[in-house]
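Okay, so here's the structure we're looking at.
The values are calculated or read from the model by the stated rules, or taken from the named source; none is laboratory data. Everything numeric here is computed off the predicted structure, so don't read it as measured data. As a convention, Cβ positions derive from the backbone with ideal geometry for all residues, glycine included, and neighbour counts pool all protein chains shown. What goes into the accessible areas is simple: the full protein's heavy atoms, side chains included, and nothing from ligands, DNA or RNA. Shrake-Rupley method; radii C 1.70, N 1.55, O 1.52, S 1.80 Å.
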Amino acid sequence: MDWKKYAIIVPPAVLLTIILAFSLPLHLKPYTLAIPLISWGVYYTWIYMEKQRKSEDTGGRIK
């Protein structure tokens, strides 16, 4: 786990989830669960893209 990337993504996601949980009407509150899922996707996409870039820089070898 890359803690720096995780620390960049998680605090805004938690804050946005809390704000939406308290501000959305009752019938829209389930949409707050999308925020952690989107954050998770962004994190793993970021990691994947970084690994791809590193493998291109090293000539196809992943360290």
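In the set L24, L20, only one residue is surrounded by 13 or more Cβ atoms within 10 Å (Cβ to Cβ), over 16 Å from the mean Cα position of the chain (by Cα) and without any contact (Cβ under 8 Å) to a residue 12 or more places away in the chain; that residue is L24. Which residues, taken from the range 27-42, are among the hydroxyl-bearing types (S, T, Y) and within 11 Å of the chain's Cα centre (by Cα)? Matches in the range 27-42: S39 only. A count restricted to the range 27-63 and to residues that are open to solvent by 70 Å² or more (accessible area, probe 1.4 Å) and among the hydrophobic types (A, V, I, L, M, F, W, C) stands at 8.
Restricting the search to the range 1-13, which residues are open to solvent by 70 Å² or more (accessible area, probe 1.4 Å) and over 12 Å from I38 (Cβ atoms)? Write out each step before concluding.
Going through the range 1-13, the residues open to solvent by 70 Å² or more (accessible area, probe 1.4 Å) turn out to be 1, 3-4, 6, 8, 11-12.
Answer for the range 1-13, where residues must be open to solvent by 70 Å² or more (accessible area, probe 1.4 Å) and over 12 Å from I38 (Cβ atoms): M1, W3, K4, Y6, I8, P11.
Contact map, the range 34-57: residues that are under 25 Å from L16 (Cα atoms) and in contact (Cβ under 8 Å) with a residue 12 or more places away in the chain paired with residues that are open to solvent by 70 Å² or more (accessible area, probe 1.4 Å) and not acidic (D, E), Cβ distance under 8 Å, separation 6+ or inter-chain. Pairs shown: I35/L16; Y43/Y6.
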